[in-house]
Amino acid sequence: MTTIVHQKDGGPPLTDKVRSTNVMLGIGLKVASVCVFVCMSSLLKASDGIPAGQLVFFRSFFAIFPVVVFIAWQGQLNVAFKTNEPFSHFWRGFVGVSAMSASFYGLTKLPLPEAIALSYATPLLTVLCSAVFLRETVRLYRWSAVFVGLIGVLIILWPRMTFFTGQSEFGGEEAIGALATLCGAGLAAIAMLLVRRLVQTERTPTIVVYFSIASSVIALVSLPFGWVWPTPMQATLLVMAGIAGGVAQILLTESYRHADMSTIAPFEYTSMLLGLVIGYMLFGDIPSSEMMTGAVIVISAGIFIIYRERQLGLARARARKASTPQG
């Protein structure tokens, strides 16, 4: 069985083979990866005053170290740097950096639970992008889920957007942050489509390594536009965030080695619970009723899409089996 595993922020898969079946272990590793990803976001948010481009650099560069160690341990380091698609890796890195920059900017301006909730728009927008750019067939059930999910996104955004009508209690930076987070979710969806194309010709260790390198290098372009010299505490938080991102990616990879993607994927939404707790305890974030209502709608739509994808996958598998000559 083959499964493509993506990072939470739209990054590339680390591996694509499921080697065993142990559902509880897979779920445990998935939840662990979610916890580490939320901790990564919390560390980035806690390093207050660091520009988004600088956040992307630290997130990408220091994630390289645990990822390279893991690939070496898997015995795949010798093939990780061989590629026939250097420009494809560049464009994939460019879109990934853009997605992270927008998401991290929103993270610095919004309460943590709200930023997490808006990031749940990515699977909805992936369905939309697949239909528009890849001409994939999307039928009524999934279109309905996307439509309902986007209504949930609008509910989350609405209190921020009323700022432009002069009726909001929130500041303009928070409104821009909300739009940036949604833009980041859309770019992450496009990044996933680019990865789908890359995996057809490139090994997964190659995609991972070149994404991390490309993201680090491209993020350096933002250096003349406002990087700051971090304090020792900020530098520590940023390095820890980068390492946490790499570790979370490894945990995510391992989770899909032990159980089917459709079984594990819904546990992504446990990040909302952890985000609520950390947001309240560390940053004093109190979720609004609109945010909670919208989050429930978006999560429900996302879970339905996962369920529908599973049903379609089973149907395609039965069709292939039926068409295979029996000897």
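Laboratory data are not the source of any read-out in this text; all were calculated from the coordinates shown. Note that the structure is a prediction, hence the values are computed from the model and not measured. Here the Cβ is made from the backbone with ideal geometry for all residues, glycine too, and neighbour counts use every protein chain on show.
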For the chain: lysine pairs under 24 Å (alpha-carbon distance), excluding those fewer than 8 apart on one chain: 9
Rounded if a/c is under 1.5, else prolate if a/b beats b/c, else oblate: with a ≥ b ≥ c from the C-alpha gyration tensor eigenvalues square-rooted, which is the range 89-143? oblate
The answer for the net charge of residues other than ARG308 whose Cβ lies under 12 angstrom from its Cβ, with Lys and Arg +1 and Asp and Glu -1, is +2
Where in the chain are the helices, taken as whole DSSP H runs, whose Cα atoms extend 30 angstrom or more along the long axis and whose Kyte-Doolittle mean reaches at least -0.5? 23-46, 86-109, 140-161, 172-198, 232-258, 289-323
State, as an integer percentage, the relative contact order of the chain based on alpha-carbon contacts under 8 Å between residues 6 or more apart. 40 percent
Over the alpha carbons of the range 206-246, what is the largest minus smallest coordinate on each principal axis, giving the biggest first in Å? 34, 25, 8
Eigenvalues of the alpha-carbon gyration tensor of the range 177-243, times 5 and square-rooted, give semi-axes in Å, largest first, of 27, 18, 12
Scoring only Lys, Arg, Asp and Glu (+1, +1, -1, -1) among other residues with Cβ under 12 Å from the Cβ of ALA52 yields +3
For the chain, what class follows from the C-alpha gyration tensor (a ≥ b ≥ c being the square roots of its eigenvalues): rounded when a/c is under 1.5, otherwise prolate if a/b is larger than b/c, else oblate? oblate
Environment charge at TRP91 (Cβ cut-off 12 Å; Lys +1, Arg +1, Asp -1, Glu -1): +1
